[in-house]
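Here's the structure, in structure tokens; my notes come after.
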Amino acid sequence: MAPRPTLEQRALVWPLAGLVAGAAGMLTSYAAAMVLTVREAPVVAIAELVVRTTPGPIVSFALKFLGAWNKTLLLSVMAVLTVVLFWYVGAWARRRWWVPVLVYSLMATLAAVAVLLSADWSGVDLLPVAVGYVTWLVVLSLLTEPLRRADSVPADEAEPGSTGVGSTGSAAYSRGRRQFLVRAGLLGAAAVAAGVAGRVVGSGRRQVEEVRRLLRLDVRAPRVPAGAHPDVPGLDPWQTPTEEFYKIHTAIVVPAIEPADWSLRIHGMVEREVVLGYQDLLDRGLTDAWVTLCCVSNPIGGPLVGNAWWSGVRTADLLAEAGVLDGADAVLQTSQDGWNCATPLEALTDDRDAMLALAMNGSPLPIEHGFPVRMVVPGLYGYVSATKWVVDLEVTRFADVDAYWTQRGWGELGPVKTASRIDVPRSGSTVAAGPVRVGGVAWHQHTGISAVEVSLDGGPWQPMELGRVPSADTWVQWGGTVDVGPGDHLMRVRATDADGVVQTPVERDVLPDGATGHDVVDFSAEEA
């Protein structure tokens, strides 16, 4: 005779049915998105909607304290909330069949709205949402049908004081549970197989990666200028390796675009609209330049800055071809994923090497850095200039546009501030007392750095040696020797730009237009 299941045991399988049905819907939705090469699967679309609608101060807080982990945390929170919701959907299904239908409908509606609010959506982008929604309803129905049938069998009279059910109810429950387990196993396996198959069949990113790997661009290999790197052991390289270059963007899943499918439209306040393809840029011939990029969210002494060799087509030439009309003062850049920024027109048309970049450090752009084409503008923070996967340039006026970050409280123009950083010695390190080699970087793109000084324990400012640089658009590495006695020490650094303006010691947060203040490191010195 089968043991009598308690009422609690009977109730437990219903939430499990909700979890299996929920997971099946998510997997089939993902599979459909992969097969259709839809970048924004429903979960991704919802996550990016959250990113787009999050107020600026919260975004600033997340970038400051979570850094590159902010998207991981967002997806983790979404996963936990989804698991909890699916669990309760299964529990509610036992008594109120309409509750799962309502919850699934609301979730599908949210996903559909997120897709519709994304950039360049089409009807096919909604198919993964529909697939997931139908899967939820069908799978939950198939899983709960045997459980509902078992619950409908009247329980025999239980022994006095027992919380179990009688033999007839026990047998019906056992049959229903076996059917549930078989169906859950088969449907779960089918959903997993669909997800794996979708990834194999429709992995657009892998295809784009292969196209990028085989792409051969006629660009010059980068050569670090002689004397750019001071003789300071432990100093980071003057040229930032591509794999170490910082990455900040709002995309949960970055766009994967083949060069043959990419085009750029230049329009708005121009004499003639210009549309360019990837080959059109190559046919014009590429220019090269060393340019340092930095993020407005970089705290004093932070890592969100890098120097690379960029190859591309100068924006000044393209805008001259379009013929900018009088009265324009901005260019609204738009990415394939819908992100946008407004850039001062002057920065794209003066003598600086603002460009549509196709290559980074001598190789085609990595996908994460904007392949096939991104914008590079010396002297401006990335939030107003460095659009990755750029597909649209609208010549306009600042008064007529609202860009992504300026809507969230960030400054409109975004000029880079003078900044400096100590890289040697590192905070918390221990050095030998006596003459100590120190070094770091300083930058003020499109203006340049004329001097760097350090102060030990509040003492007088001591001048440092500057490395050679090819232009004012790159950072400058600096180095020197400081006499350090035994004990604990604090060292700060400041830079003076090429206009003679000394870096301010006033500490300000990154919001609204970049942090200010002096970088300070603490270290200890011991007798050798």
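Relative contact order (percent) for the chain, with alpha-carbon contacts under 8 angstrom and 6 or more residues of separation?
14
Taking the Cα centroid of region 317-373 and of region 54-96, what is the distance between the two, rounded to the nearest whole Å?
Here the two parts' Cα centres lie 34 Å apart.
About the Cα centre, and with charges only on the beta carbon of Lys, Arg (+1) and Asp, Glu (-1), how big is the dipole of the chain? Nearest 20 debye, please.
For the chain, the charge dipole is close to 2760 debye.
In whole angstrom, how far apart do the alpha carbon centroids of region 441-455 and region 247-308 sit?
Answer, in whole Å: 26.
At 1.4 Å probe size, with the rest of the protein present, what percent of the exposed accessible area of region 340-426 is carbon and sulfur atoms?
Ligands and nucleic acids excluded, carbon and sulfur give 44 percent.
If amide hydrogens are placed 1.01 Å from N in the peptide plane, which non-local residues have theirs closer than 5 Å to the one on Thr504?
Under 5 Å from the amide H of Thr504: Gly517.
Extending each Cα 7 Å along its Cβ direction at Val80 and Leu490, get the distance between those two points in nm, one decimal.
Using points 7 Å along Cα→Cβ, the separation is 3.7 nm.
Taking the full set of protein chains and a 1.4 angstrom probe, give the accessible area of Glu244 in square angstrom, rounded to the nearest 10.
The accessible area of Glu244 comes to roughly 130 Å².
Of all accessible surface on region 233-279 at a 1.4 Å probe, what whole percent is carbon and sulfur?
In region 233-279, the share of accessible area belonging to carbon and sulfur is 47 percent.
Which cross-chain or sequence-distant (5 or more) residues have an amide H under 5 Å from the amide H of Leu358, H modelled 1.01 Å from N in plane?
Here Ser311, Gly312, Val313 satisfy the definition.
Once a ≥ b ≥ c are taken as the square roots of the eigenvalues of the Cα gyration tensor of region 455-518, is the result rounded (a/c under 1.5), prolate (a/b larger than b/c) or oblate (a/b not larger than b/c)?
Because a/c hits 1.5 or more and a/b fails to exceed b/c, region 455-518 counts as oblate.
Using the per-residue mean of other Cβ atoms lying within 10 Å as a proxy for protection, in what order, highest first, do the peptides 415-426, 318-329 fall?
Highest to lowest by the protection proxy: 415-426, 318-329.
What accessible area per residue comes out for the chain, rounded to a whole number of Å², with a 1.4 Å probe?
Averaged over the residues of the chain, the accessible area is 45 Å².
Using amide H atoms built in the peptide plane, which far-off residues or other-chain residues are under 5 Å from Gly439 H to H?
Asp423, Val424
Whole-Hz Karplus ³J(HN,Hα) for region 504-512, in order, using 6.51 cos²θ - 1.76 cosθ + 1.60 and θ = phi - 60°, x for Gly and Pro?
Coupling constants for region 504-512: 6, x, 5, 8, 10, 6, 5, 7, x Hz.
For region 461-471, just list the computed ³J(HN,Hα) in residue order, Karplus coefficients 6.51, -1.76 and 1.60, θ = phi - 60°, integers in Hz, with x standing in for Gly and Pro.
Going residue by residue, I get 6, 10, x, 10, 7, 9, x, 7, 10, x, 6 Hz, with x marking Gly and Pro.
Which label marks the calculated value of Kirkwood radius over Cα pairs in Å, given the options [x] 26.7; [y] 28.6; [z] 24.9?
Of the labelled values, this structure produces [x].
Between Thr287 and Asp329, what FRET efficiency comes out of the Förster formula 1/(1 + (r/R0)^6) with R0 = 25 Å and r the beta carbon distance, rounded to 0.05?
0.50
Using +1 at the C-beta of Lys and Arg and -1 at the C-beta of Asp and Glu, which of Thr496, Trp97, Ile266 has the Cα lying farthest in the positive direction of the dipole of the chain?
Sorting the options by dipole projection puts first Trp97.
Which whole-Hz ³J(HN,Hα) couplings does region 438-444 yield from phi under the Karplus relation 6.51 cos²θ - 1.76 cosθ + 1.60, θ = phi - 60°, glycine and proline marked x?
Coupling constants for region 438-444: 10, x, x, 9, 9, 8, 7 Hz.
Rounded to two decimals, what is the ratio between the C-alpha radius of gyration of region 234-342 and 2.2 N^0.38 Å?
Relative to the rule-of-thumb radius for its length, region 234-342 sits at 1.28.
At q = 0.17, 0.21, 0.22 Å⁻¹, work out log10 I(q)/I(0) for region 291-427 with the Debye formula, treating every Cα as an identical point scatterer and leaving solvent out; two decimals please.
One equal scatterer on each Cα of region 291-427 leads to -0.93, -1.36, -1.46.
Going by average Cβ density within 10 Å per residue, which order do the peptides 247-254, 77-84 take, highest to lowest?
So the peptides 247-254, 77-84, ranked by packing, come out 247-254, 77-84.
Which peptide among 468-476, 352-360, 228-236, 269-277 comes first, and what is the full order, when sorted by highest mean count of other Cβ atoms within 10 Å?
So the order, starting with the most tightly packed, is 352-360, 468-476, 228-236, 269-277.
Of the options Val305, Pro372, Leu293, report the single residue whose Cα projects farthest towards the positive end of the charge dipole of region 291-399 (beta-carbon charges: Lys, Arg +1; Asp, Glu -1).
Val305
The values are calculated or read from the model by the stated rules, or taken from the named source; none is laboratory data. Everything numeric in this text was worked out from a predicted model, so none of it was measured. Every residue, glycine as well, gets a Cβ built from its backbone with ideal geometry; the counts of neighbours run over all protein chains shown. Areas reflect the complete protein model, heavy atoms only, side chains present, ligands, DNA and RNA absent. Shrake-Rupley method; radii C 1.70, N 1.55, O 1.52, S 1.80 Å.
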